[in-house]
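Nothing in this text is a laboratory measurement; each read-out follows from the coordinates by a stated rule. The structure displayed is predicted, hence computed values, not measured ones. Every residue, glycine among them, receives a Cβ derived from its backbone with ideal geometry; neighbour counts consider all protein chains shown.
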């Protein structure tokens with residue numbers, strides 16, 4: 001019977017990797033520049049790395065990220081097995097998750113109108129290397145905040161789902177009541 005949680009499933013798959021492949025996995029995870037820092041995973045075991053991934057990416061997305069990384073480090077069979085096990089457990093499917101509209105896309109208009117802390121959001125995205133310094137400066141020069149948010153959306157879209165996940169996490173941290181309100185609707 002497959003494990004019930006994404007963390008268990010991820011932990012089991014990472015335990016199957018050789019020491020060298022696990023090291024490569026951790027390196028690729030940090031190289032993605034979308035939320036995981038070296039200090040979070042350096043010298044950590046599979047359980048700790050699994051916990052970090054679930055905390056940073058959410059359960060559903062942690063499996064997708066792990067699958068992508070396994071493919072990048074040429075562990076295709078492990079990636080295929082992880083995708084199949086996740087699908088069987090009802091936790092994720094490679095083909096379905098990309099079709100689902102992301103929260104920040106679904107609530108784009110509301111977020112553009114209601115987000116007020118654009119500079120601090122930009123600071124976090126710049127630190128995570130989701131946007132570049134030049135983009136940061138261009139967005140900061142725009143007025144009003146709605147124009148800043150529209151431009152930010154244009155740049156976040158190019159970063160894919162991982163960039164949107166990080167953007168959402170920043171919004172949850174800085175605009176908690178707004179995000180709670182949107183999640184209810």
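Give me the extension gain from residue 153 to residue 137: residue separation times 0.36 nm, minus the current Cα-Cα distance, reported in nm with one decimal. Show your work: numbers first, answer last.
Working: separation 16, 0.36 × 16 = 5.76 nm, distance 1.51 nm.
Result: 4.3 nm gained on full extension.
Mind giving me the nanometre distance, one decimal, between the label points for residue 28 and residue 16, set 7 Å out from Cα along Cα→Cβ?
1.4
If you wrap a convex hull around the C-alpha atoms of the range 103-184 and split its volume per residue, what is the figure in Å³? Provide the component values of the computation, followed by the final result.
Working: hull volume 6.3 nm³, N = 82.
Measuring per residue, one finds 77 Å³ for the Cα hull of the range 103-184.
Relative contact order for the range 6-97: what percent, with Cα pairs under 8 Å and sequence separation of 6 or more? Please list the in-between numbers first.
Numbers: 82 pairs, mean separation 29.7, N = 92.
Relative contact order comes out at 32 percent.
Of the listed values (1) 1.00; (2) 1.06; (3) 1.35, grab the one calculated as Rg/Rh (Cα atoms, Kirkwood Rh) from the structure here.
Matching the structure shown: (1).
Roughly how tilted is helix 160-174, in degrees to the nearest 10 and between 0 and 90, from the longest Cα axis of the chain?
60
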